[in-house]
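**Q** Before I ask anything, here is the structure I am working with.
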């Protein structure tokens, strides 16, 4: 009888406390997974928007210098199908004349993924005839 009182095992209280600690830590991890998934999706949308801006920048750089009219604002939808994430992006670009040999391109991409978002890129082009 004396041996059963000094047994080396866990009591029911110790097991319940361990289960409560485990449950709380798993709930915290579940919340972390939700946040991580949202941030990952947001990063994917941002990467896609940057790619669409780069596409437009390359298109504008290939155009003749005189066809880039300063002060013009142009808006277009990114060609269908929309991005791989299913989000529809709108692209706006503006040409600003900095001096006779430099033009600034401002490209803005807008999208909505439950929140209206936008990102703007700037680039400067020089007149190839003045270099």
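**Q** At what distance in nm do the modelled label points of residue 123 and residue 8 sit from each other, each positioned 7 Å from its Cα along Cα→Cβ?
**A** The answer from the label model is 7.2 nm.
**Q** Label residue 15 and residue 63 with points 7 Å out from Cα along Cα→Cβ: what is the distance between them in nm?
**A** Simple spin-label model gives 7.4 nm for this pair.
**Q** Follow-up. Report, to two decimal places, the Cα Rg of the range 2-130 normalised by 2.2 N^0.38 Å (N = number of residues).
**A** The range 2-130 yields a ratio of 2.02.
**Q** Follow-up. Would you mind putting 14-20, 94-100 in packing order, based on average other-beta-carbon counts within 10 Å, highest first?
**A** 94-100, 14-20
**Q** Contact order normalised by length for the chain, with contacts defined as Cα pairs under 8 Å and 6 or more residues apart; what percent is it?
**A** Values: 139 pairs, mean separation 22.7, N = 131.
After rounding, I find 17 percent.
**Q** With runs of 4+ DSSP H residues as the only contributors, calculate the mean residue ellipticity of the chain at 222 nm using -39,500 (n - 2.57) per run, divided by the residue total and rounded to the nearest 500.
**A** Value at 222 nm, helices only: -14500 deg cm²/dmol.
**Q** Rounded to the nearest 0.05, what FRET efficiency do residue 102 and residue 42 give with R0 = 25 Å and r taken as the Cβ-Cβ distance? Could you check?
**A** Efficiency, rounded to the nearest 0.05: 0.15.
**Q** Between residue 72 and residue 114, what FRET efficiency follows from the Cβ-Cβ distance if R0 is 41 Å, with the result rounded to 0.05?
**A** On the way: r = 32 Å, r/R0 = 0.78.
Computed FRET efficiency for residue 72 and residue 114 comes out at 0.80.
No lab work stands behind these numbers, since they all come straight from the coordinates. Note that the coordinates shown come from a computational prediction; the quantities given were computed from them, not determined experimentally. Because the Cβ atoms are built from the backbone with ideal geometry, glycine has one as well, and the counts that use them run over all protein chains shown.
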